[in-house]
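So the structure is just underneath, and the comments pick up after that.
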Amino acid sequence: MATNPPVNEDPVKTAAPRRPGNQAPEMCLACGTCAAGCPLTGQDGFDPRKIVRLVLLEREQELIASDLPWLCTLCGKCEYACPMGINIVNIVRTLRGRVARDKVPGMIHKGVALCRQTGNNLGLPAEDFEFIITDVAEELAAEEEFADFKIAFDKPEANLLHTLHNKLVNTQNEDLVHWWKIFHVAGEDFTIPRENWEGVNWGLFSGDDEAMQLSVGRIVTHMEQLEIQNLMYPE
Amino acid sequence: MQQWYPDFFDRFGTLTVFDLLEDYLASGRIKVDKTAHPQRALYHDPCNYGRKSRELFGRGYFDQPRRVMDQCLAEWTDSQPSRGNQYCCGGGGGTLLTPFKAPRIHYGRRKIDQIKQARAELVVVPCHSCHGQIKALLAAYEVKGVEVKYLWEVVADALIVES
Amino acid sequence: MSTPNATAAQSPAIAVAGAGITGIHSALALAELGYRVKLIQQAPAVGGLLTQLDHQFPNNHCGMCRMLPLLDRDDGVQTCLRRGIYHDRIELLTAARIEAVAGSPGRLCVTVRQTAPGVQPERCDGCGACEAACPVSGPDDFNAGLTRRKAIYKPVPHQTVRVIDWQACTACGACAEACPRDAIQLEPQAHTIDLKNIALVVQTGGARLYDPGTTDLYGYGSLPNVVSALAFERILSSSGPYQGRLLRPSDRKAVQKIAWIQCVGSRNLTIGADHCARICCMVALKEALLAQRKIGPDTSATIFYMDLRTFGRDYQRYRDRVEAAGVRLVRCRVHSLQPAGAGDDLMLSYLDADGNLQDEVFDLVVLSTGMQPEQHHADWTTHEGVLVVDKHPELKDAADSVIAAGATVARAVKRLRDLHPQSLPHQPIEKIKEIPEDVLKQRPVVCLAVMPSAAGAPIDWDTIANRLGSLPFNIVMEQLESPPDSLAANRLLLAGSQTPAAMSALIGPWADTTGLPRAFLETVSLDGATTENAWQRLGPAIHRLHQRSQPAQHRQAMYDGALVIGGGPAGLTAALTLATNGIATTLVEKSDRLGGRTDQIRDLRLRDRIARTADAVRNHPALTVHLNSDVIHCRGPAGRFITQLRVGRKTQCAVFHGATILATGGHPALTENYGAGRHERIVPLHELTAAVDAPDSQINRQAPQHVVMIQCVDSREEPNNFCSRICCIKALNTALKIKQRHPATDITVLYRDLMTYGRHEALYTEARRRAVRFIPYDPARKPQVIVDDHAITIKGYDPLLAEPVSLTADWLSLATGVRPNPVDSLDALFGVTMTADGFVREADSKWRPVDTGREGVFVCGLARGPARAGDTLRQADAAAMRALRLLRRKTLQPSTATARLRPALCSLCASCVAACPHQARYLDAENRHMAVDAAACQGCGACVAACPNNATVLDGPTATDIMADLETAL
């Protein structure tokens, strides 16, 4: 039951970055725009308006203990129409960040932890990675049109740094070749890092800013050490 | 990147997938053939490249992929709504990595409705999460005869390779 | 014959910019007060937004004509204001806008840029060949883009003469070629005029509608069945795109399921709209009700809203009526719209009352589009001598527009008196010339004056002249362009090719110049006439004029004073405004002091202003103040009231006055609910407000932890089923003051619909910014207050979280609202009618908001309905201007069409009193007959029809006249 609000040292309502509208969540009109636009409203008790209201009441523990922050796709459709420009997505992301790391559901935090240790969300050793990539590249080179195709790992002074989504390396190898075909025809001078090749940043999902900083830092290091000219943003 | 390495953009060039594809096509480094894709296609705006990119960086990638589509597909259409007010596929925010499959599939009913409404045979996406989620949705809602392709896959499949 | 009044003819004019409702009312009010007006309208037609609306809340009719002058009706043409405005003292410039203002007040020079209509009205007969020939087609703004129109078009459907839209026109010349009367002029497209001798400029309007095409959320512009509220008004209109049938644009399918989306473009910080557009909630309620009535029981009309802002006196009951009629009200702001399936239907998602997401399909969706944010007036409006009606332009309903116009006219009149002490507005306008009685009584000689516009082809005037010779009357025919100095006739028939209304408008000036009584002038429009048509129109008119006798001059002397009942803010303001204009005014106050409830006003500037007004009232030589006094009885017609007062409880006195202003005020209501009286810190809202304003009060000395405010206490439900309009604003102001002093204090407002209408929305925004909490409650589930061991606990329910709420409070305020002051038999004393809640009912809630049904009796302030202090003062000034319009004359001269009694035949049956819709018939006890109140009579003839003895006759066209006309027509 709601009562007069409690005292809280670092409430989510002030901790969540005020983007996109630079408006405090207190500005909420409780008008229902967000909830009416969210396809998830009503599913398992999900309701963005309720989330904002509970955060305003500093009842974030109820949310942190629930699955609700993890049901949200952070798609921002609610914010898009919010007449007050309230930072609903960042509120949810901040809530996710307050969840104890061992309570983060599914593979998200596991991936983040593996990435921190190994440089990719799968925890794949460099030799295995190199083997998979080389294998798929050789398969492509077997096709007549792409006969001389080769992958250059860690090539200094390459034009373009190409990172990879772990799912392509893991289960969907067949989708690795689309870009390679394009690069090949375009005559692109690209390179793939042998280590720290992960192009996906799950810290974004888990609310883990420190993990995000680490991943970004690794890419910067590649660019600096190999003196590569351009970074292709991860897909 | 802006937050942690503010000088990065001065030292290195950065290219999005859209920049690369458009550049290759515009400069003639690659050539494509529309007839490679005779199906009726539907383009899906990923939240991160569209709505959220516009909110965070002031630039939404709405027109670039559409220009690429124009060159690689015989017939394609937009969903309603699209662009800034697009429905997320339901696989964003890492939800694909969580065990909460039922709500994710429930969320995706809007996307399935749009695919059906457009009578699409091919859904084109420039995002790995959307790709995975839309495939899962088509299976869950038992929608047959709809293919899902990456935007760059569409380009790769439409490449004119001079051997 | 009186001497020509040179100063009146040459006195400076007042320019009124904008001919929307505010502009039209300002112009008419100034003209009725005797001033000359230049009315400058940017659009090619008058009326503004309201010309596109056929139905007005609350009676769902138009009624704009109710703004027309009730006195001196002969000075203007009594025609639909949507067709145009015709008054002797108003010069209308359409398609014109002010570019610059120079000079000093009293002698301003106003530069006007006027777009040429492209069609010469005096040549055009409205045949439409030009429009048929025009090859250009574009969206028709009048129908909100639902239809298309040519580049040469009728700006409003009820206008005959077309104009050219120069922006669309390609100057191909097809229209000019097609025109059979050589009326098209493709050059020049515009010209500049310097209006000299302008005393003041009144700037009206300025608010523009929000364009919903600027957002992609609603699909406006791409989904054809998403329309604006204005477009929906056009769909409802019989002159609209579908002839009033409720069809939808995409496929002309009959509409059954309609949704209204409120707050489109309003209450939205992301587009800088920190305002509520004021009018949309009532518009949507009205539109939904009209749709429901039009389609019948199969309609499903749903309004999606946030707060339903029924903040006027009778609005809540209207809402109840609309709900009872089956309109569904859903409290949820709509995110966006999308097509439903492959057809043209629309899908909309919303949260129902239980918090479940619902998808629903509609045939048509109406966007309640508000007002464009950040609007500014043109630079010239800052020039000295320009009076701006609304400093911040905002959309207003008709009543607020009329009141704002009245208050601005009061400012203008005051300014004019300072500038030209001679031009006293209450001086009657003297006739320049009058023809001696004996000349009028001589055998009728009719002068047929042919104006240049009709002098040429296709009418063969020789044939006409021959036929005139065959008539058994004395007729002279002359070609005249303007009124001649002398006339060899005592009847005048003006023939020209202008429209009938434009021709009628000539009667006034021609009568004044020639000195003929108006009854002896007639006009005939030969618009599009052949020789044969012309003869058919001229013949009966000549016949009529010949038959007409001089109307009886039953002028009545006026009492020149005014009586104001009530010495509160409204009464003081009205009394002072009248006295400043030279009206001897008596102010009657029941209590022993002036000022009324000024202590309730928190705005210190206003309070100060009222205190100064009270001082001025005490000391003004034209004012008599009676304290501790009340009214015993009042009798007589407008202009001749005699009121008996009890003064100082003992003595009595009689006041003779021409007009009465009721300003009996109101007071804060008491309640016995929500623990009132059971705890010293459970207080009426106004007491909490007063405590917060007192520097050393308890609440200011000691920071409270929790403050709770309950709104709508005993309000918006029977028996007090109205919104008091002030409480939400007062509550938020108070909450903000508490937060300012004690930022840590937690404040919760329990409300039903937050009534921060118009720019007050910014207060609500600020309150939320300061973390004031808002919990809505349903009247069926009101909060419960528990007082226990000196603790105050409020138990309620939060519908958004769907859970009970329990709040402790150090202070609990109860917004009990406003009640009218009870005045014994106010209705019987003054012949006015009261609302169910004890307020004085206006003559017309939209168009005559400070008039009562009784001519000569006006109302303002809380006696009329709940109002904020600023509104009250504006109403007081508006009421004073309405009274001044009556009091400025020394006699009441009946207009041409006015009922007249033949006393010998009157049997005192009083059938006329019952029949009269204007309360113009009354028993003249002294003379033992049923008299006519000449000021109130509008010449409708209801009493003539009701009188069993033919004792009442109506001057003006007689039955014989009409039969003759009909015969000719057949």
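Summary of computed values
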item: Share antiparallel - DSSP beta bridges, the protein assembly as shown, percent rounded to 5; result: 45
item: CD proxy at 222 nm, helix term only [per DSSP H run n ≥ 4: -39500 (n - 2.57); per residue of the protein assembly as shown; nearest 500]; result: -8500 deg cm²/dmol
item: Chain C: relative contact order as a whole-number percent, Cα under 8 Å and 6+ apart; result: 12
item: Inverse mean reciprocal Cα-Cα distance (Kirkwood Rh) of chain C, Å; result: 30.9
item: Spatially proximal aspartates and glutamates relative to C:K154 (Cα-Cα < 16 Å; intrachain offsets below 8 disregarded); result: C:E122, C:D125, C:E131, C:D140, C:D141, C:D165
item: Debye log10 I(q)/I(0) at q = 0.13, 0.14 Å⁻¹ for region C:670-816, Cα point scatterers; result: -0.53, -0.62
item: Pairwise FRET efficiency - C:A910 versus C:E131, Cβ, R0 = 56 Å, nearest 0.05; result: 0.55
item: Protection-proxy order for peptides C:231-239, C:110-118, each taking the mean of Cβ atoms within 10 Å per residue, highest first; result: C:231-239, C:110-118
item: C:D460 versus C:S591: modelled label distance in nm, points set 7 Å from Cα along the beta carbon direction; result: 8.2
item: Positive dipole terminus of chain A, leading residue within A:C115, A:A141, A:T41 (C-beta point charges); result: A:T41
item: Gap separating the Cα centres of region C:319-380 and region A:188-235, nearest whole Å; result: 46
item: Farthest positive-ward along region C:670-816 dipole, Cα basis, beta-carbon charges - from C:N720, C:A691, C:G675; result: C:A691
item: Proximal lysines relative to C:K391, as straight alpha-carbon distance under 20 Å, when same-chain residues fewer than 8 apart are discounted; result: C:K414
item: Values of log10 I(q)/I(0), in the order q = 0.16, 0.17, 0.18 Å⁻¹, for region C:212-369 under a Debye, Cα-only, solvent-free model; result: -0.89, -1.02, -1.15
item: Pairwise label distance in nanometres, C:D354 with C:A780, each label 7 Å out on the Cα-Cβ vector; result: 1.3
item: J(HN,Hα) series, region C:41-51, from Karplus relation 6.51 cos²θ - 1.76 cosθ + 1.60, nearest Hz, glycine and proline x; result: 10, 5, 6, x, 9, 8, x, x, 4, 5, 5
item: Helix C:727-741 vs. chain C, principal-axis angle (Cα, 0 to 90°, nearest 10); result: 50
item: Pair C:R649, A:Q229: separation of 7 Å Cα→Cβ label points (nm); result: 10.3
item: Cα-Cα pairs of the protein assembly as shown separated by more than 60 Å (percent); result: 30
item: Partners for C:K730 among lysines (Cα-Cα distance below 20 Å; same-chain residues under 8 apart left out); result: C:K739
item: Förster-model FRET efficiency, 25 Å R0, C:A254 and B:A140, C-beta, rounded to 0.05; result: 0.05
item: Intensity falloff of region C:898-954 expressed as log10 I(q)/I(0), Debye formula with alpha-carbon point scatterers, at q = 0.15 Å⁻¹; result: -0.31
item: Within 10 Å of each Cβ in B:79-92, the average number of Cβ atoms from other chains; result: 5
item: Candidates A:E139, A:E130, A:E60: whichever shows maximal mean-square fluctuation once chain A is modelled as a Gaussian network with Cα springs under 10 Å; result: A:E139
item: Packing rank of C:894-905, C:645-656, C:353-364, C:518-529, where each peptide gets the mean count of other beta carbons within 10 Å, highest leading; result: C:518-529, C:894-905, C:353-364, C:645-656
item: Near-label residues of region C:779-794 by backbone N, under 17 Å of a point 7 Å along Cα→Cβ of C:E718; result: C:779-780
item: Model label zone, A:E127; criterion: amide N under 12 Å from point 7 Å along Cα-to-beta-carbon; scope region A:169-187; result: none
item: Average beta-carbon neighbours from other chains, 10 Å sphere, peptide C:346-357; result: 4
item: Förster radius 35 Å - calculated FRET efficiency between B:E147 and B:Y5 (Cβ-Cβ, nearest 0.05); result: 0.35
item: Alpha carbon Rg of region C:795-877, scaled by the compact-globule rule 2.2 N^0.38 Å; result: 1.62
item: Residues with amide H under 5 Å from that of C:V805, placed H, sequence gap 5 or more; result: C:G796, C:Y797, C:D798
item: Cα Rg, Dmax (largest Cα-Cα span) when computed across region C:222-315, Å; result: 14.2, 41
item: Net lengthening on full extension, C:E384/C:T833 (0.36 nm per residue, minus Cα-Cα); result: 157.4 nm
item: Kirkwood Rh and Cα Rg combined as Rg/Rh, region C:163-237; result: 1.13
item: Over 21 Å between alpha carbons, listed pairs C:K294/C:K846; A:K13/C:K795; B:K116/C:K253; A:K103/B:K101; result: C:K294/C:K846; A:K13/C:K795; B:K116/C:K253
item: Relative contact order of chain A, pairs being alpha-carbon contacts under 8 Å that are 6 or more residues apart, as %; result: 19
item: Sequence ranges C:152-158, C:659-665, ranked by mean other-Cβ count within 10 angstrom, highest first; result: C:659-665, C:152-158
item: Shielding of A:171-177 by partner chains, average beta-carbon count, 10 Å; result: 2
item: Electrostatic dipole magnitude of the protein assembly as shown [Cβ: Lys, Arg +1; Asp, Glu -1; Cα centre; debye, to 20]; result: 5720
item: Contour minus Cα-Cα distance for C:R759 and C:D320 (0.36 nm per residue); result: 155.5 nm
item: Between 0 and 90°, nearest 10: helix A:88-97 axis offset from chain A longest Cα axis; result: 80
item: Equivalent-ellipsoid semi-axes of chain A, from the Cα gyration tensor, Å, largest first; result: 42, 18, 16
item: Selection from C:I235, C:A622, C:A301, by position along the positive dipole direction of chain C (Cβ); result: C:A622
item: Backbone HN-Hα couplings from phi across region C:889-903 [Karplus 6.51/-1.76/1.60, Hz, Gly and Pro as x]; result: 9, 8, 10, 9, 9, x, 6, 4, 8, 9, 5, 9, 9, 9, x
item: Contact order normalised by residue count of region A:119-231, Cα under 8 Å, 6+ apart, percent; result: 35
item: Alpha carbon convex hull of region C:306-351, projected area averaged over orientations, nm²; result: 4.4
item: Charge context of C:D630, other residues only, Cβ under 11 angstrom, K/R +1, D/E -1; result: +1
item: Net charge over other residues, Cβ less than 10 angstrom from the Cβ of C:V588 (K, R count +1; D, E count -1); result: 0
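Since every read-out is calculated from the coordinates, none of them should be taken as a lab result. Everything numeric here is computed off the predicted structure, so don't read it as measured data. When we count neighbours, we look across all protein chains shown, and the Cβ atoms used for this are built from the backbone with ideal geometry, even at glycine.
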